[in-house]
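Data first, discussion second: the structure below is written as structure tokens.
The values are calculated or read from the model by the stated rules, or taken from the named source; none is laboratory data. Quick caveat, the model's predicted, so the values are computed rather than measured. Because the Cβ atoms are built from the backbone with ideal geometry, glycine has one as well, and the counts that use them run over all protein chains shown. The protein model used for the area step is the full one, side chains on, heavy atoms only, and it has no ligands, DNA or RNA in it. Shrake-Rupley method; radii C 1.70, N 1.55, O 1.52, S 1.80 Å.
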Amino acid sequence: MKKLLTVAILAFLTVTLLVAGGTKESKGDQSLEKVVSKGVFVMGLDDSFPPMGYRDENNEIVGFDIDLAKEVTRRMGVTLKVQPIDWNAKEQELNTGNIDCIWNGFTITAERRKVINFSDPYVDNAQVAVVRNKTSYKTLADLAGKSIGLQAGSSAADAVANNTAFASSVKEVIEVKDNLTALMDLEIGGVEAVVLDLFVAIDNITRSGKDFRILDEHLAPEEYGVGFRKGDQALRDEVQKQLNAMAQDGTLAKISTIWFGEDITVVGK
Amino acid sequence: MGKLLLLMLEGTFTSLKIFFLTLLFSLPLGLIVAKGRMSKFRVVSSIVNGYIMIMRGTPLILQLIFVYFAPYYIFGASTDRFTAVIIAFVINYAAYFAEIYRGGIQSIPQGQIEASKVLGLSKFHTFTHIVMPQVVKTILPSMGNEVITLVKDTALAQTIGVAELFRVAQNAAARQFSTTPIFIAGLFYFIMNGVVSKSFDLIEKRLDYYK
Amino acid sequence: MSIIEVINLKKTFTSLEVLKGISFSLNEGEVLSIIGPSGSGKSTLLRCITNLERVESGTIIIGGDTLVETSREGKVLYADKETTSRIGQRLGLVFQNFNLFPHFSVLRNITEAPRHLFKYSKEEATELALSLLEKMGLADKAGAYPYQLSGGQQQRVSIARALALHPQVLCFDEPTSALDPELTGEILAVIKELANEQMTMVVVTTRWLSPATSLIG
């Protein structure tokens, strides 16, 4: 039985490696030409990630990142296609060519850099802990021995895992499908804190009116970037060029003000 | 690789716990529900019918969320998440099992029950010794289907934060930027269901002594 | 003394009146043959006596105990559970479709009720069953399952099953109707033999000639 298992796993690995190997076998970097000739630029996102990208009352996908991508593609002369994906499968979506980039409050990490070609950071972010207002927690150390919640596969998960002191101090990390479920879990006392993106936390607390607050002590400072396939340098550079131009002519600041009331972008700064 | 397998075995253990606890409680509960559904008392049978319709008419994932979160909003108290998973799975599967039991019980010819009655056998004895053994043989194939579905449904437990096999696999996949853990999880489910269908084959063979 | 006493028995199915005031009495050692076309209510009568069907009005007394009686105001009164089960033990019923338990061996089909009702030990019940099977000419079939037997053999097993409870009256509900014509003879021979042993019986049948005449003869 054990032998059979090993053989079967090896078989799966071989298949996976072959598939992976196959995609890398391209002749030069045609990423930009492909997008231009198709006339479509596909951005992959989790459509439940306000305010970066989410569905409004009319079921239209809107958000800060969407507005940025719309302007970039308008300037590139191609159509933007917004493709909702399962955030857990984002790497597979990108590697199999279903999407051209991941653009959705996508945190740049050293680990992700190994397999993803990031743009320059365009927004500064942080991973923060949200707690119920009436609790007495003030610092991350106060959460020792408590359960904390977060969205599975999110950069909050990475931030907690990388902060070994914090990760080993808490009782357990409960991973759920999305931030909303994690925050509901916080409300009912299933967890004592939820770790998530600063922007998402602010947006959620203001819009839901729930009695939560954010701890002043942050887990990790972070930067958002647009993620491309490793080989797609030309496409990445083109998008970067447009973002730089938008920073110079004030378009980035304008879009940021619409969503956040101030300019939070960091391109060219 | 070894560490990954160890993690996945841990996840598998959680999945198996959900699987066995669900069967342990939902199989007998389903029988009670089936009896309620067939009750002569209209009030009982309509209430039970309503329960079955809700359980079969709404997604299990929604029931999971409801069982876990609703008690807080209604009573101000919350359940442990693993308990919530077991409750949701048990009440859901009991409804499906109940309908299978009902079909099986109704397929037993009335003559069997009448013969048992004129022989003076009690109602309870008739049910446990005459009706149920024959029901088990009749419903075995549909039960097999349902139990195989249960193995796969355990993956829904992650909705409310119980880290079962598929959650572990997805986390590993995200960590390694590789689909391999997902495929391994698939293999694990496949093996578990292999055991399930083999077991059902064996039971079917054992009950093959009569027609 | 009469074992079965039926007075003014009535039974209606939805709007069809099947039994329109039947009265009869059956003495010990007698064989009552009820012959008539299908749908004439013979089986219903038998089912009322064996308490598989509720009567609409009338009185049934079996072995001195009243199973059901009707008051002057027309209220139907059934005996309590204890009396009903005592009465039930006095009657055996052989069905048209045998109704053997398919998941039990021939032996267990016969031993199940005596073991449960009389608390016979396994050995006692087996001994009883084997002697009855011998009588039915099926001594070698004790370990077989019903599906392995012919219709005639199955019906003989079901007669043995009924006899195992030592009933005072054995009732037959069209015992040969489900059998191929060439197999009816073996059942009639059994009934005849039981008649010779002074077994009190009620035999319901649609066939005018065969069972009835051979019984009289």
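Reported count of residues in the range B:92-105, each being in contact (Cβ under 8 Å) with a residue 60 or more places away in the chain and either touching a His at 6+ places or on another chain (Cβ under 8 Å) or open to solvent by 10 Å² or more (accessible area, probe 1.4 Å) (or both), is 6. Among all positions in the range A:120-130, there is at least one residue which is open to solvent by 10 Å² or more (accessible area, probe 1.4 Å), assigned to a loop (DSSP other than H, G, I, E, B), under 15 Å from A:GLY227 (Cβ atoms) and not hydroxyl-bearing (Ser, Thr, Tyr).
Taking each residue of the range B:183-201 that is open to solvent by 50 Å² or more (accessible area, probe 1.4 Å) and looking for partners that are of a type outside the set (A, V, I, L, M) with beta-carbon atoms closer than 8 Å, six or more apart or interchain, yields B:PHE183/A:PHE12; B:PHE183/A:THR16.
Being touching a strand residue (DSSP E or B) at 6+ places or on another chain (Cβ under 6 Å), small (Gly, Ala, Ser) and surrounded by fewer than 18 Cβ atoms within 10 Å (Cβ to Cβ) is the filter here, so list the residues in the range A:60-79 that pass it. Show your work before the answer.
The first filter runs over the range A:60-79 and keeps only residues touching a strand residue (DSSP E or B) at 6+ places or on another chain (Cβ under 6 Å), leaving A:61, A:63, A:65-66, A:69-70, A:73, A:78-79.
Adding the requirement that they be small (Gly, Ala, Ser) leaves A:63, A:69.
None - no residue of the range A:60-79 is touching a strand residue (DSSP E or B) at 6+ places or on another chain (Cβ under 6 Å), small (Gly, Ala, Ser) and surrounded by fewer than 18 Cβ atoms within 10 Å (Cβ to Cβ), so the list stays empty.
So is C:LEU100 assigned to a loop (DSSP other than H, G, I, E, B) and modelled with pLDDT of 90 or more or not? For C:LEU100, the condition - assigned to a loop (DSSP other than H, G, I, E, B) and modelled with pLDDT of 90 or more - is met. Total residues in the range A:214-254 satisfying the condition of being assigned to a helix (DSSP H, G or I) and touching a strand residue (DSSP E or B) at 6+ places or on another chain (Cβ under 8 Å): the figure is 7.
Inspection of the range A:47-54 identifies no residue that is at pLDDT below 95, closer than 25 Å to B:THR180 by Cβ and away from every other protein chain (no Cβ under 14 Å).
Kindly evaluate B:PRO59 against the criterion of being over 19 Å from A:GLY190 (Cα atoms), within 14 Å of chain A (Cβ to nearest Cβ) and modelled with pLDDT of 95 or more. Give the steps one after another, and end with the answer.
Working: over 19 Å from A:GLY190 (Cα atoms): yes; within 14 Å of chain A (Cβ to nearest Cβ): yes; modelled with pLDDT of 95 or more: yes.
So B:PRO59 passes the test.
State whether one or more residues within the range C:38-52 are more than 14 Å from the chain's Cα centre (by Cα) and either within 14 Å of chain B (Cβ to nearest Cβ) or not small (Gly, Ala, Ser) (or both). No: zero hits.
The residue that is surrounded by the most Cβ atoms within 10 Å (Cβ to Cβ), among those in the range C:129-151 that are away from chain B (no Cβ under 14 Å) and either in contact with a Phe, Trp or Tyr (Cβ under 8 Å, 6 or more places away or on another chain) or farther than 12 Å from C:LEU107 by Cα (or both), is C:MET136.
Against the condition part of a helix (DSSP H, G or I), within 13 Å of chain B (Cβ to nearest Cβ), out of contact with any Pro (no Cβ under 7 Å at 6 or more places or on another chain) and not aliphatic (A, V, I, L, M), how does A:GLU111 come out, does it pass? Let's see the steps before the verdict.
Values: part of a helix (DSSP H, G or I): yes; within 13 Å of chain B (Cβ to nearest Cβ): yes; out of contact with any Pro (no Cβ under 7 Å at 6 or more places or on another chain): yes; not aliphatic (A, V, I, L, M): yes.
So A:GLU111 fits the description; yes.
From the list A:LYS114, A:LYS90, which residue is in the same structural domain as A:LEU243 (by TED's automatic domain parsing), basic (Lys, Arg), under 20 Å from A:GLY225 (Cβ atoms) and open to solvent by 40 Å² or more (accessible area, probe 1.4 Å)?
Working: A:LYS90 fails: open to solvent by 40 Å² or more (accessible area, probe 1.4 Å).
Matching residue, one of A:LYS114, A:LYS90: A:LYS114.
When the range C:62-102 is filtered for residues that are touching a residue at least 40 places away in the same chain (Cβ under 8 Å) and facing chain B (nearest Cβ under 8 Å), the ones remaining, listed by number, are C:GLN89, C:LEU91, C:GLY92, C:LEU93, C:PHE95, C:ASN97, C:ASN99, C:LEU100, C:PHE101, C:PRO102. Scanning the range A:136-168 for residues that are surrounded by 16 or more Cβ atoms within 10 Å (Cβ to Cβ), more than 27 Å from B:ILE65 (Cβ to Cβ) and of a type in the set (S, T, N, Q) yields a total of 2. Restricting to the range A:31-54, give me the number of residues that are open to solvent by 50 Å² or more (accessible area, probe 1.4 Å) and either basic (Lys, Arg) or in contact (Cβ under 8 Å) with a residue 24 or more places away in the chain (or both). So the answer is 5. Per the conditions (1) under 17 Å from C:ILE34 (Cβ atoms); (2) assigned to a helix (DSSP H, G or I); (3) touching a residue at least 40 places away in the same chain (Cβ under 8 Å), the sole criterion not satisfied by C:ALA160 is (1). Can you confirm whether A:ASP237 is acidic (Asp, Glu), assigned by TED's automatic domain parsing to the domain that holds A:GLY105, open to solvent by less than 30 Å² (accessible area, probe 1.4 Å) and within 19 Å of A:LEU80 (Cβ to Cβ)? No; evaluated as a whole, the condition is false for this residue.
Tell me yes or no: at least one residue of the range C:35-42 is in a strand (DSSP E or B), open to solvent by 30 Å² or more (accessible area, probe 1.4 Å), touching a Ser or Thr at 6+ places or on another chain (Cβ under 9 Å) and under 21 Å from B:GLY111 (Cβ atoms). Spell out the reasoning first.
Going residue by residue through the range C:35-42, those that are in a strand (DSSP E or B) are C:35.
Filter once more, keeping what is open to solvent by 30 Å² or more (accessible area, probe 1.4 Å): C:35.
Still in the list and also touching a Ser or Thr at 6+ places or on another chain (Cβ under 9 Å): C:35.
Adding the requirement that they be under 21 Å from B:GLY111 (Cβ atoms) leaves none.
The answer is no, given that none of the residues of the range C:35-42 is in a strand (DSSP E or B), open to solvent by 30 Å² or more (accessible area, probe 1.4 Å), touching a Ser or Thr at 6+ places or on another chain (Cβ under 9 Å) and under 21 Å from B:GLY111 (Cβ atoms).
Among all residues of the range A:127-145, there is at least one that is away from every other protein chain (no Cβ under 11 Å) and under 13 Å from the mean Cα position of the chain (by Cα). When the criteria are applied in full, C:ALA160 fails the requirement of being within 13 Å of chain B (Cβ to nearest Cβ), open to solvent by 10 Å² or more (accessible area, probe 1.4 Å) and at pLDDT 95 or above. When the range C:43-59 is filtered for residues that are part of a loop (DSSP other than H, G, I, E, B) and either small (Gly, Ala, Ser) or surrounded by 14 or more Cβ atoms within 10 Å (Cβ to Cβ) (or both), the ones remaining, listed by number, are C:THR50, C:ASN51, C:LEU52, C:GLU53, C:VAL55, C:GLU56. Could you look through the range B:129-175, keep only residues that are in contact (Cβ under 8 Å) with a residue 60 or more places away in the chain and more than 19 Å from the chain's Cα centre (by Cα), and pick out the one that is nearest to the other protein chains (Cβ to nearest Cβ)? Filtering the range B:129-175 for residues that are in contact (Cβ under 8 Å) with a residue 60 or more places away in the chain and more than 19 Å from the chain's Cα centre (by Cα), the one nearest to the other protein chains (Cβ to nearest Cβ) comes out as B:GLY161.
Can you give me the number of residues within the range B:73-82 that are open to solvent by 60 Å² or more (accessible area, probe 1.4 Å) and either more than 9 Å from chain A (Cβ to nearest Cβ) or farther than 16 Å from B:ILE18 by Cβ (or both)? Count: 3.
If the condition is being of a type in the set (Gly, Ala, Ser) and at the interface with chain B (Cβ under 10 Å from one of its Cβ atoms), then the range A:157-182 contributes A:ALA157, A:ALA161, A:ALA182.
Given the criteria part of a helix (DSSP H, G or I) and within 14 Å of another protein chain (Cβ to nearest Cβ), does A:ASP185 qualify? It is true that A:ASP185 is part of a helix (DSSP H, G or I) and within 14 Å of another protein chain (Cβ to nearest Cβ).
In the condition set (1) among the charged types (D, E, K, R); (2) part of a helix (DSSP H, G or I); (3) surrounded by fewer than 19 Cβ atoms within 10 Å (Cβ to Cβ), A:GLU57 is compliant with all but (2).
Hey, can you tell me all the residues within the range A:188-210 that are part of a helix (DSSP H, G or I) and either within 14 Å of chain B (Cβ to nearest Cβ) or touching a residue at least 40 places away in the same chain (Cβ under 8 Å) (or both)? Even if it seems obvious, please write down each step before you answer.
At the first step, the residues of the range A:188-210 found to be part of a helix (DSSP H, G or I) are A:198-208.
Answer for the range A:188-210, where residues must be part of a helix (DSSP H, G or I) and either within 14 Å of chain B (Cβ to nearest Cβ) or touching a residue at least 40 places away in the same chain (Cβ under 8 Å) (or both): A:LEU198, A:PHE199, A:VAL200, A:ALA201, A:ASP203, A:ASN204, A:ILE205, A:ARG207.
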